[in-house]
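Notes to accompany the following structure.
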Amino acid sequence: MEPALSQLAKLTATETHRLDRAIVAISVNPELGTPVSGTLLRDYVDDVDGVRVIYYVTALRQITIVAYVEA
């Protein structure tokens, strides 16, 4: 958990806003991303905001996220 917190602390306000928009979109529609072949992962790319999110939706509809924000 510590590495994730330190990475979040390094995000600028603009990067955080861009990432938040993507996370909200996914939370509203977990099927939004493209399925990653051979896995249960989904890949969501927002070219406008420069955000890529790889995520997994559990059976209880909880979402685990790994995100990348382009500079």
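Against the main long axis of the alpha-carbon atoms of the chain, helix 13-28 sits at an angle near 20°.
Among the GluC sites (Glu not before Pro) in the chain, those placed in a DSSP loop whose Cβ has at most 13 other Cβ atoms within 10 Å are Glu31, Glu70. Dividing the mean sequence gap of close Cα pairs (under 8 Å, 6+ apart) by how many residues the stretch 2-69 holds gives a relative contact order of 23 percent.
Between His17 and Thr39, what length comes free when the chain is fully extended (0.36 nm per residue of separation minus the Cα-Cα distance, one decimal in nm)? Computed gain between His17 and Thr39 is 5.0 nm.
No value in this document is a laboratory result; all are computed from the given coordinates. All figures in this text were calculated on a predicted structure; none of them were measured in a lab. Note that we place each Cβ from the backbone using ideal geometry, even for glycine, and neighbour counts take in every protein chain shown.
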